[in-house]
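Since every read-out is calculated from the coordinates, none of them should be taken as a lab result. Every value quoted in this text rests on a predicted model; they were computed, and no experiment measured them. Note that each Cβ is placed from the backbone with ideal geometry, even for glycine, and that neighbours are counted across all protein chains shown.
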Amino acid sequence: MLFDTHAHLNATQFNEDVEQVIERARAEGVSHIVVVGFDRPTIDRAMELVEQYSFIYAAVGWHPVDAIHMTDEDLGMIERLAAHPKVVALGEMGLDYYWDQSPKEVQKEVFRKQIRLAKKVKLPIIIHNRDATADIIDILREENAGEVGGVMHCFSGSIEVARQCIDMNFYISFGGPVTFKNAKKPKEVAKEIPLDRLLIETDCPYLTPHPFRGKRNEPSYVKYVAEAIAELKGLSFEEVAQKTSDNAKRLFGII
Ligand SMILES: [Zn+2]
Ligand SMILES: [Zn+2]
């Protein structure tokens, strides 16, 4: 049983064949998928998918790259959807200093508003971080985000940063990069961090694991992430699959 904790089946790249993609995931032992919305169209599509498939759950939030476009109405919509039984987290949210579409100060404000909302509705948060580690850690601390906890998605930082996040009640999630030969840091962190704090994800259609790197990613490939972690930790594939699923269910409150 595999739990893909971060998939964008709501992305337009899956418009043509989402049913087949989901069938392949089931055939490869994927038992649960969290589809992550990050703006109006992707949140709407995530909510459609949770109605269609019993094993699909949603996270709703606003992406930092697009922070400049988030209105109070959007935040109100996220709050309303948070009451839906299959919305298991808020996010993805965070900071992205790689793309300069939204000014840093706007990103920080939108991030803080979503953390405060998550505490109000009592849901964990899914954090997106690109080139912004120090500011993310500061904001999580200042806002006392550990009260709800959550997941550092597609983690690419150091062991020290991973430990700080775990101390703040966050899980560390790995995707395709942990399967890449040259990905030293994710491999080191995956090896060191206890299995009871790890999650797996695809972030599909992006970040496709080896051996399909360069092609469109999909949830069935999450097994390659579990295999890579099992090899690094000297554990069986089954144990990694089981424990990361248990972790995800605990975090997202899924029975
Ligand atoms: Zn992300
Ligand atoms: Zn994502």
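Placing unit charges on the Cβ atoms only, positive for Lys and Arg and negative for Asp and Glu, gives the range 86-153 a dipole magnitude near 440 debye about its Cα centre.
In a reduced charge model with +1 at each Lys and Arg Cβ and -1 at each Asp and Glu Cβ, the range 2-252 shows a dipole moment near 560 debye about its Cα centre. Placing +1 on the Cβ of every Lys and Arg and -1 on the Cβ of every Asp and Glu, with no other charges, gives the range 136-220 a dipole of roughly 660 debye about its Cα centre. Across the range 114-168 the C-alpha pair distances fall into 10 Å bins from zero in the proportions 24, 60, 15, 0 percent.
With distances taken between every two different alpha-carbon atoms, the chain has a Kirkwood hydrodynamic radius of 17.8 Å. Between Tyr57 and Ile33, Val34, Val35, the built amide H atoms are under 5 Å apart, and every one of these is 5 or more places off in sequence or on another chain. Under a 5 Å amide H cut-off, with hydrogens placed 1.01 Å from N, Tyr171 pairs with Gly150, Val151, Met152 among residues at least 5 apart or on other chains. Cross-link pairs exceeding 21 Å between alpha carbons, from the set Lys187/Lys243; Lys104/Lys185; Lys108/Lys187; Lys223/Lys249; Lys119/Lys249; Lys104/Lys187: Lys104/Lys185; Lys108/Lys187; Lys104/Lys187. Shape class for the range 72-169, computed from the alpha carbon gyration tensor (a ≥ b ≥ c): oblate, with a/c not under 1.5 and a/b at or below b/c. Label-to-label distance, Glu238 versus Glu147, with points set 7 angstrom from Cα along the beta-carbon direction: 4.3 nm.
Here the sum of -39500 (n - 2.57) over DSSP H runs of 4 or more residues, divided by the residues of the chain, equals -13000 deg cm²/dmol at 222 nm, to the nearest 500. Lys and Arg at +1, Asp and Glu at -1: add these up for the other residues within a Cβ distance under 11 Å of Val121 and post the number. Here the count lands on +4. Our Cα-only numbers for the range 88-142 put the radius of gyration and Dmax at 10.8, 31 Å. Each residue in Met168, Met152 was given a count of other beta-carbon atoms within 10 angstrom of its own, and listing them fewest first yields Met168, Met152. Reducing the range 155-170 and the range 69-126 to their Cα centroids gives an inter-centroid distance of 21 Å. Annotation for the range 1-34: GluC sites (Glu not before Pro) lying in DSSP loop with at most 12 further Cβ atoms inside 10 Å of their Cβ are Glu16.
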